[in-house]
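K.L.:
A single structure is presented below for examination.
The values are calculated or read from the model by the stated rules, or taken from the named source; none is laboratory data. Here the structure is a predicted model, which means the values were calculated and not measured. Cβ placement follows ideal geometry from the backbone for every residue including glycine, while neighbour counts extend to all protein chains displayed. Ligands, DNA and RNA are excluded from the accessible area calculation, which covers all protein heavy atoms including side chains. Shrake-Rupley method; radii C 1.70, N 1.55, O 1.52, S 1.80 Å.
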Amino acid sequence: MAKSKKNVVELIALQCGECKRRNYTTSKNRRNIQEKLEFKKYCPHDRKHTPHKECKVK
């Protein structure tokens, strides 16, 4: 049984839509979810809930 050399699950960062800081990290399965993730999460720098979008981890 051959295994794929590409990682199916990748580590991503969630960037705040207002202050543009990366506050959270999470993982995503590329086979199940192709579009970019977007969540409404708490931003500690703005002290309120803001939309956070997916971006790459440096």
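K.L.:
Being among the basic types (Lys, Arg) and in contact with a Cys (Cβ under 8 Å, 6 or more places away or on another chain): is that true of residue 30 here? Full working, then the answer.
P.N.:
Values: among the basic types (Lys, Arg): yes; in contact with a Cys (Cβ under 8 Å, 6 or more places away or on another chain): no.
Spelling it out, it is not the case that residue 30 is among the basic types (Lys, Arg) and in contact with a Cys (Cβ under 8 Å, 6 or more places away or on another chain).
K.L.:
Considering only residues of the chain that are among the acidic types (Asp, Glu) and free of Cβ contacts under 8 Å to residues at least 24 places away in the same chain, which is least open to solvent (accessible area, probe 1.4 Å)? Give the derivation first.
P.N.:
Initially, the chain is screened for residues among the acidic types (Asp, Glu), giving 10, 18, 35, 38, 46, 54.
With free of Cβ contacts under 8 Å to residues at least 24 places away in the same chain added as a condition, the list becomes 10, 35, 38.
Working: 10: 62, 35: 120, 38: 111 Å².
That would be 10.
K.L.:
If you scan the stretch 4-39, which residues turn out to be part of a loop (DSSP other than H, G, I, E, B), over 14 Å from residue 55 (Cβ atoms) and touching a strand residue (DSSP E or B) at 6+ places or on another chain (Cβ under 7 Å)?
P.N.:
8, 18, 30
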